[in-house]
Amino acid sequence: MFSRQRRNVLPGFRLTMGYTILYLCLIVIVPLLTLPVQSWELGWSAFWRVVSDARVVASYRLSIGAAFAAACVNAVFGLIVAWVLTRYRFPGQRLFDALIDLPFALPTAVAGITLTTLYAPNGWIGRYLNDLGVQVAFTPLGITVALTFIGLPFVVRTLQPVIDDLDLEIEEAASSLGATRWQILRRVVLPFLFPAWLTGFALAFARSIGEYGSVVFIAGNMPMRTEITPLLIITQLEQFNYAAATAIAVVLLVISFALLLAINGLQAWTSRRLAA
Amino acid sequence: MAGSSSRNHRTSGAAAHLTEPRWVRWGLIALTLGFLGLFLIVPLAAVFTEALGRGWSAYTGAISTPDTLSAVRLTLVAAGVAVPLNLVFGVAAGWAIAKFQFPGKNVLLTLIDLPFAVSPVIAGLIFVLLFGRQGWFGPWLAEHGIRIVFSVPGIILATIFVSFPFVAREIIPVMQAMGRDEEEAARVLGANGLQTFLRVTLPNIKWGLLYGVLLCNARAMGEFGAVSVVSGKIRGETNTLPLHVEILYNEYQFQAAFAAASLLALLAIVTLVLKTIVERHVGRTTVQPGTATDTLS
Amino acid sequence: MSIEVRNIRKTFGTFAAVRDVSFTVGSGELVALLGPSGCGKTTLLRIIAGLEVQDSGTVLLSGEDASTQDVRARGVGFVFQHYALFRHMTVFDNVAFGLTVRPRSRRPDKAEISRRVHDLLKLVQLDYLHDRYPSQLSGGQRQRVALARALAVEPKVLLLDEPFGALDANVRRDLRRWLRRLHEEIKLTSVFVTHDQEEAFDLADRVIIMNRGQIEQDGRPDEVADQPKSPFVMNFVGNVNRFVGTAAAGRATFGPFTVDYPDAVDSTSRPAAGYARPHELEVSRNLTNGGLPARLVHVTPAGALVRLELLDDESRTIVVDLPRVQQEQEQFHAGERLSVIPRRLTIFLEE
């Protein structure tokens, strides 16, 4: 594969490629390889014992369930927000547009303690919800709130460029063919946005499954009830139970990779559709 | 080109049949503002309200304790090592991937994205498995009296890992869009490799590079989960600012915790402002970093 | 300064872009590499420049083997199809680039660089735009900046890749004339690539026609136009009517007409094709003169000529160009049946 690059007009391929691969291996590949190797040494039955433990399974269920719920909330509101920010003009719009990235720029620990303070039974928001009999902090609902915050930019930022690319002529064509506004949105606009929408949803979902910092404060961390998987990994580590921590982590990683693959597949599908 | 002119003037002035009825529009705007207000503005306001709740002097007192200052210092050190290293990597990867054809390019792009798919806790865990007391290199390191985990090098390694893809992800598409014509022209005109890069490539990618550095830095300074696993949380020694926030909070020193948090919130605001400025130069709506949408083509 | 290309081959994957091509360009000559897209002409130009490396064969620049030389050492000027101007530099800085990247020992001083850049910008008539950026220029202006930039390093040869490809028809024509005058003035050995035969004939001292990685014909524009060596060249260098027939024993027959064809020595008959350009055909109302009968379907004025479009009895289109004076006398009109007779036929045996 390098022979064709011999005497290429642009220099530096071997140098930059070599450095890229070396650095990638040192920082990413080799460290990540510890996971499969370590769990292999554990042996299958021991591995299964760890990951099928009731407390571990409960944590998977919670992490995945809350991440899914939060991604759904973001799918609905993200679509509305993206549409409003791209299509409508209103005062303060640029500010709101810039703020969308806050969950990404704000360190997760800050988000965590802030949301906890807001939604605690005596907090700014929690106070009123408490009066209604709804408890947010230290319940699965609180975890969902934190993950909604974390996943908020994904759907919006994936949809915005696609909405911007939507050719007004297509809507005009639909309109000239007699479609009502609602029909245009439902039959022309939404199908066009659908792949990006799904991608945004999957990205928010994937990010939320492994999230730690913003969740750990608001979760309450009760085993079987509000203990997320990443926290369980840390708990095992703190007891120097490396093998168990690794086994739990491998399952979490496999879920994330499966989602990443799904996202890449979606991307390929999207670009094929848009190229047509 | 023809499409863009029509794209730009679709605003409130768009023809009635091409926008939603007024009540729907205002309803959706209200919903958007409500949602963003609840999830973005209220929390941001809360950070500063809680931080300044006991007055300015309590605030400055909280952020000038030796422990806080040393946490700030360590955060700056970690980012100061991680960002330049990832910058060099990003430029090298961008050059190799964007300017040359080779088999396996998509696999390489996916591998560069890997850290985005890894939970921060796992990012910390893998370095413990490598360098911890029971880790692969643990015994050897112990013999030689080198500490990596529960020490500054571990924090730096974890920070490098989590902020690894940002610069590369930003500049690969920029360099791909630029093509190789200008570099070839420079070569025909007699420029050597370094001259070609410094005088032709770099000026064209500088905004993309700045953008990547900005995002990389935000992640490096704000990382919590990964650093938390490898740190050991020794006050004044292995505490970064986000970890310090956690400790103060868990000790019920809420005002001090929020004072420290407000520094990180300020960092976030500065990042967003700079990002908006840079975006104007890059001339695009950016896709959230961590999405695979902008490079996998 | 001459260019000599010997047995160049270049393959991309399984695609043979250039297949054993050899030619020479004499000092001061202006040569066109003409061919359809994908014929290998751009690859060949890039190989001469050193932007691409040939699989085998040699490139000699003024008699010296340059095959192993780096692109920087060859001393060629290259004008890219899309100009490849440095978009972050002014026109002045673009043109000065090649001088400013020289090693300090060979680099002219600032004043000298400035003088030379302004001289070149005057040569391409763009001195007044020296502080603009490429994005602020029109296509034709960019093209001239690219040319000035290539000339600034005082190249031994000038290579241009589709120099007018990205321009409007009017700008193209003007720029072509201007480039011809410039070449007469500086007499720099030049090769340009084009897919436009009119451009090649108009500008070049010699035209090399390429097809599928090989040279079909190499000659002066009038040679190529009047004595095409292959059906491909015949088709490529202008409109042509094709008549299907047979050849045997020194004669070729196409429907009603028979012509001498000494190349057909065999007595057995072989399929042949006769080609006639639209201006090489005559029409007449005399249907018994031994011509091919055809119905006139369309009359289009085309400058000094009038173009007649006819359909023969097998519904094949025949195009005839008449001098306008003749049409004014004869007043041929659509619907008439006419007889078509070739003044001249170029014949190729079919494989």
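Structure notes:
- Residues C:Arg181 and B:Ala30, FRET efficiency given R0 of 51 Å [Cβ-Cβ distance, rounded to 0.05]: 0.15
- Distance between the 7 Å Cα→Cβ label points at A:Glu169 and C:Arg324: 3.8 nm.
- Whole-percent carbon and sulfur share, accessible surface of segment C:72-218, 1.4 Å: 43 percent
- Counting only protein heavy atoms and a 1.4 Å probe, chain B has 38 square angstrom of accessible area per residue.
- Area of C:Tyr275 that stays accessible when all protein chains are in place (1.4 Å probe, Å², to 10): 10 Å²
- Note on chain A: helix-only mean residue ellipticity at 222 nm, from DSSP H runs of 4+ residues weighted -39500 (n - 2.57) and normalised by residue number, equals -24000 deg cm²/dmol.
- Dipole size of the protein assembly as shown about its Cα centre, with +1 on Lys/Arg Cβ and -1 on Asp/Glu Cβ: approximately 1440 debye, rounded to the nearest 20.
- Remark: mean inter-chain Cβ contacts per residue of C:45-58 equal 2, using a 10 Å Cβ-Cβ cutoff to other protein chain atoms.
- Springs between Cα atoms under 10 Å define the GNM used for chain A, and in it the highest mean-square fluctuation of A:Gly265, A:Gly123, A:Gly92 occurs at A:Gly92.
- Whole-angstrom gap from segment C:172-199 to segment C:32-57, using each part's C-alpha centre: 19 Å
- Measuring max minus min along each principal axis, the C-alpha atoms of segment C:241-349 give extents of 45, 25, 21 Å (largest first).
- Extension gain, C:Leu349-C:Thr317: 0.36 nm per intervening residue step, less the Cα-Cα distance, totals 9.4 nm.
- Axial C-alpha extent at least 24 Å, average Kyte-Doolittle at least 1.6 - helices from chain A (DSSP): none
- Comparing C:Asn94, B:Val152, A:Leu32 along the charge dipole axis of the protein assembly as shown, the residue lying farthest to the positive side is B:Val152, per the Cβ-charge model.
- Sulfur and carbon atoms: percent of accessible area, segment C:241-349 [1.4 Å]: 52 percent
- Pairwise centroid distance, computed over Cα atoms, of segment B:24-76 with segment B:78-119, Å: 33 Å
- Look at the stretch A:80-92: the mean tally of other chain Cβ atoms within 10 Å of its residues' Cβ atoms is 5.
- For peptide B:89-100, the mean count of partner chain Cβ atoms within 10 Å of a residue's Cβ comes to 6.
- Accessible area per residue for chain C, computed on protein heavy atoms with a 1.4 Å probe, is 46 Å².
- Sorting C:Ser105, B:Ser151 on solvent-accessible area from highest to lowest, probe radius 1.4 Å, gives C:Ser105, B:Ser151.
- Sequence ranges C:259-269, B:172-182, ranked by mean other-Cβ count within 10 angstrom, highest first: B:172-182, C:259-269
- C:Arg9 - accessible surface, heavy atoms, 1.4 Å probe, Å² rounded to 10: 110 Å²
- Close amide H partners of A:Gly220, meaning residues 5 or more places away or on another chain with modelled amide H under 5 Å apart, are A:Phe138.
- Per-pair calculated FRET efficiency, R0 = 22 Å: B:Trp140 and A:Glu41 via Cβ, rounded to 0.05: 0.75
- Distance between the C-alpha centres of segment A:189-226 and segment C:252-274: 80 Å, rounded to the whole angstrom.
- Fraction of beta bridges assigned by DSSP in chain C that are antiparallel (%, nearest 5): 75 percent
- Looking at the protein assembly as shown alone, DSSP beta bridges between its own residues are antiparallel in about 75 percent of cases.
- Top of C:Gln214, C:Gln329, C:Gln136 by mean-square fluctuation, Gaussian network on chain C, Cα under 10 Å: C:Gln329
- Residue-averaged [θ]222 nm for chain C, counting only DSSP H segments that reach four residues, each worth -39500 (n - 2.57): -7500 deg cm²/dmol
- In nm, spacing of pseudo-spin labels at A:Leu132 and B:Thr110 (7 Å Cα→C-beta vector): 4.4 nm
- Extension gain, B:Trp23-B:Val77: 0.36 nm per intervening residue step, less the Cα-Cα distance, totals 14.2 nm.
- Rounded to the nearest 20 debye, dipole of segment C:241-349 from Cβ charges on Lys, Arg, Asp, Glu: 60 debye
- Per-residue SASA remark: C:Val325, around 90 Å² accessible (1.4 Å probe; ligands, DNA and RNA not included).
- Amide H within-cut-off set for C:Ala272, under 5 Å, with H built and near neighbours excluded: C:Gly245, C:Thr246, C:Ala247, C:Glu350
- Interface size, chains B and A: roughly 9900 Å² of accessible area buried, both sides included, 1.4 Å probe, rounded to the nearest 100.
- The distance between label points at A:Phe90 and C:Asn7 comes to 7.6 nm (points 7 Å beyond Cα on the Cα→Cβ vector).
- The Rg/Rh ratio of segment A:187-237, with Rg taken over Cα atoms and Rh as the Kirkwood radius over Cα pairs, comes to 1.25.
- Look at the dipole of segment B:68-218 built from charges on Cβ: of B:Gly80, B:Ala186, B:Val167, the Cα furthest out on the positive end belongs to B:Gly80.
- Among complete DSSP H helices in chain B, those whose alpha-carbon atoms stretch at least 20 Å along the helix's long axis and whose mean Kyte-Doolittle hydropathy reaches -0.5 are B:22-36, B:66-99, B:202-222, B:254-282.
- FRET E, pair C:Arg115, C:Asp168, Förster distance 30 Å, beta-carbon r, rounded to 0.05: 0.35
The values are calculated or read from the model by the stated rules, or taken from the named source; none is laboratory data. The structure displayed is predicted, hence computed values, not measured ones. Because the Cβ atoms are built from the backbone with ideal geometry, glycine has one as well, and the counts that use them run over all protein chains shown. We work out accessible area using only protein heavy atoms, side chains counted, and drop any ligands, DNA or RNA first. Shrake-Rupley method; radii C 1.70, N 1.55, O 1.52, S 1.80 Å.
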